[in-house]
Amino acid sequence: MARPLDIGPPALRFEGSVPYSEAHADIYYSPRDGLAETRYVFLAGNGLPERWQGRNHFVIGETGFGTGLNFLATWQAWRTTAPANARLDYLSAERFPLDRAQIARALAPFTELAALTDELLAHYPPLIPGFHCLHLDGGRVRLTLLFGDASEAFARLEGRVDAWYLDGFAPSRNEAMWTSALFAQIARHSAAGATLATFTAASRVRHALEDARFTVTKLPGFADKREMITARIEAPSRPPSATPWFDPPPTVTQTGERAIIIGGGIAGCSLAHALTGRGLDVTLVEREADVALAASGNPAGLLMPKLTADQSLSSRYYTEAYRYTLDLLARLEADGHRPRWAPAGVLQLGFHETVRRSHARVSARGLPAEFARVVDTEEASELAGAPLPQGGLWFSQGGWIDPRGFCQTLLAACPDERLHVIRNREAVTLARQDGQRVVNDARGNTLARARHVIVCSGADTTRLLPDIAAELTTVRGQITQLPATDTTAMLRCVLCYKGYVTPALEGAHVVGATYDRADLALDLRAADHADNLEKLHRVLPDWWKNVDTDSLPGRAALRSTTPDRLPLAGAVPDAERLHQDYGDLWKGRKPDRYPPVTYADGLYVSAGHSSRGLIGAPLAAELIAAQIMGEPLPLERELLDAIHPGRFIIRRLRRRPADR
């Protein structure tokens, strides 16, 4: 499906304090009392807050986020009436999202919501198509904004909804939203017994809901509206999947269960934070003396998205992952945990005509300037604090981070009673016993047992998951640390080219990095230092001349990567059943002839992040945590399929046996 680029912000005018859409000639909320309207139509219309009493998790879906008023009213009610440890998922689509300033002005009259409004605006994402997953209220509330057409956005979603807010401009003024395709998606995502409420009682809406198997009831409308609709669906139908071999797992876990994480790098520490925050007890097994001593132990790593003009799957995943990591850092800091990082900005230099053309095509996508923009040589030099030979693509929110410090901060933010770290012990085998996963060391001693095991062991993943991780490749990378000079000490941002250089950190710049599949030894190489310098000198020939590469400090580490440069992330399918159930995929049979994928119960993986673990691993952790807990998934279905751990086996099965 096409992904619209012109998603906002809309043209507004204010009639008094009420926002009015110029494009749809309609108001965003009742001028009588917008907050009272929300409480009457959407909360009371769905039997809230009574229905979430006694529930540890509740999911609301909304077809138009608008000003965010419905969300804030629901959040306020959740804070005051929901069980203390319960979690709210709020999924809201918006084709024409307002920007921060518009939302702030629209919500200003509702002073009782001011604190919640401030928190929302602090985390509100740039207006970029896709899913934006925001954790609020200390993790009690997760808001997922689906920027794009509502029917298309919900078609990409995986998750079940308990209550729907069918909101948007009036059907007569926004016919493009109120379609049978949207109602079909609402029915598809509804949990058994799901309810729906909407301000309109238009006959076309009533009939469309009835066609989607909802039982519809008309009620008195709010204020001067004569009628409104509520509806309920008892037995939602599930249309056949187009890719049953990638269907999500059916797991639903209760708070208080246990999980084991193998590997204490960025992937493992991100998962420990995500799972303990959801009330699971976690044992993290690390073979080294401490976490983040392997590939995650470099002194600095980059925080920047991967943008392509064609919006490739890789570009889309790492764009959403970049935003998620930045929001995670903001949450950690708000909670008093301060990883060593600097949002100093990243400048991707236009060092070649091909790169400059790519930057121009990316710029033509109309991305918000706060996210990415092209700058000329003069502005680039001003931003960098040092003279540069060319401009480039500027990411103002990017920067550098200390990976090991990030890992330690993630663990420090975990509740102490929920996390147990086992150091200096290597997980060698995985077994299944009495409905649990058992992790043993080389002598057969049991290190831990739990319902769930997540393998996050980087380059060592292939040993534990030989079938699923067969396509993982181990790559050696070496960074170089160069002493700051009078010129380079002025550098304020990260510069990116075919390598990268950071601002001076404690008197030294980090320059990286080599990429070697052939030699996996970890000794420092003068030749690799020379390679890093040679890439640097192609764009900055006057920096660090006549350096003795034999005496330079640095660091070498191994990382794992995949052929398509996307991670393996999520529930692990049963490899034997993949071959049994889909062995004739090459014959081209219709997808509805195949069963849903069978998973290895309680087994998950987060690996193959290559050099983008700082960006990709936290979102992968959020995905796995959502799978384990039975929550709506934070990624679009196309991206879920793109990082599915079974995808390489499925690709082989699509080929004729003679060609495998």
Note to self: If each DSSP helix of 4+ residues adds -39,500 (n - 2.57) and the sum is divided by the residues in the chain, what number results at 222 nm, nearest 500 deg cm²/dmol?
What the structure shows: -8000 deg cm²/dmol
Next item on the list: Find out how many positive minus negative residues lie around Val375, taking Lys and Arg as positive, Asp and Glu as negative, among other residues whose Cβ is under 14 Å from that of Val375.
Entry: -2
Note to self: How many angstrom lie between the Cα centre of segment 471-529 and the Cα centre of segment 545-602?
What the structure shows: 27 Å
Notebook entry, point to check: Which value, in Å³ per residue, describes the convex hull spanned by the Cα atoms of segment 165-302?
Noted result: 225 Å³
Check: Where does helix 266-276 land angle-wise versus the long Cα axis of the chain, in degrees 0 to 90, nearest 10?
Finding: 30 degrees
Checklist line | More than 32 angstrom apart: percent of Cα pairs within the chain | finding: 52 percent
Note to self: With N set to the number of residues, divide the alpha-carbon radius of gyration of segment 509-641 by 2.2 N^0.38 Å and report two decimals.
What the structure shows: 1.53
Checklist line | Share, in percent, of DSSP beta bridges within segment 12-239 that are antiparallel, nearest 5 | finding: 55 percent
Item checked: Euclidean distance of C-alpha centroids, segment 224-297 and segment 611-660, integer Å -> 13 Å
Check: What span do the alpha-carbon atoms of segment 116-193 cover on each of the three principal axes, reported in whole Å from largest to smallest?
Finding: 37, 31, 20
Next item on the list: Highest first, please rank the peptides 363-372, 157-166, 63-72, 42-51 by the mean number of other Cβ atoms sitting within 10 Å of their residues.
Entry: 63-72, 157-166, 42-51, 363-372
Notebook entry, point to check: Give or take rounding to whole Å, what are the principal axis extents of the alpha carbon atoms in segment 485-570, in descending order?
Noted result: 46, 27, 25
Check: Over segment 12-239, what lengths in whole Å, largest first, do the semi-axes of the equivalent ellipsoid take, defined as the square roots of 5 times the eigenvalues of the alpha-carbon gyration tensor?
Finding: 23, 21, 18
Item checked: Mean-position separation - Cα centroids, segment 42-81 and segment 160-203, in angstrom -> 16 Å
Margin query: Suppose the chain between Arg173 and Arg361 were pulled fully straight at 0.36 nm per residue; how much longer would it get relative to their current alpha carbon spacing?
Written below: 64.3 nm
Note to self: Neighbour counts of other C-beta atoms within 10 Å: give me Cys133, Cys407, Cys496 arranged from fewest to most.
What the structure shows: Cys496, Cys133, Cys407
Check: By average Cβ neighbour count within 10 Å, what is the ranking of 239-246, 15-22, 544-551 from highest down?
Finding: 239-246, 15-22, 544-551
Check: Within a Cβ distance under 11 Å of Ile615, other residues only, what is the Lys/Arg minus Asp/Glu net charge?
Finding: +2
Item checked: Peptides ranked, highest mean first, by Cβ atoms within 10 Å: ranges 274-281, 79-86, 258-265, 487-494 -> 258-265, 274-281, 487-494, 79-86
Next item on the list: Would you tally the net charge around Pro553, using a Cβ to Cβ cut-off of less than 15 Å, leaving Pro553 out, and scoring K and R as +1, D and E as -1?
Entry: -3
Next item on the list: Against the globular-protein guess of 2.2 N^0.38 Å, express the Cα radius of gyration of segment 58-155 as a ratio, rounded to two decimals.
Entry: 1.02
Checklist line | Anchor Lys545: lysines whose Cα lies under 29 Å away (excluding residues fewer than 8 positions away in-chain) | finding: Lys498, Lys535
Item checked: All-pairs Cα distance distribution in segment 179-223, expressed in whole percent, bin size 10 Å -> 26, 57, 16, 1
Checklist line | Set of aspartates and glutamates near Lys225 by C-alpha distance (under 19 Å), chain-local residues within fewer than 8 positions excluded | finding: Asp26, Asp33, Glu37, Asp167
Notebook entry, point to check: Just for the chain, what percent of DSSP beta bridges are antiparallel, to the closest 5?
Noted result: 65 percent
Item checked: Note, ³J(HN,Hα) from phi for segment 627-636, Karplus 6.51, -1.76, 1.60, rounded to Hz, x at Gly and Pro -> 4, 4, 8, x, 8, x, 7, x, 10, 5
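Coordinate-derived values only; no laboratory data. Small disclaimer: the values here were computed from a predicted structure and weren't measured. Don't worry about glycine lacking a Cβ; one is built from the backbone with ideal geometry, like all the others, and counts go over all protein chains shown.
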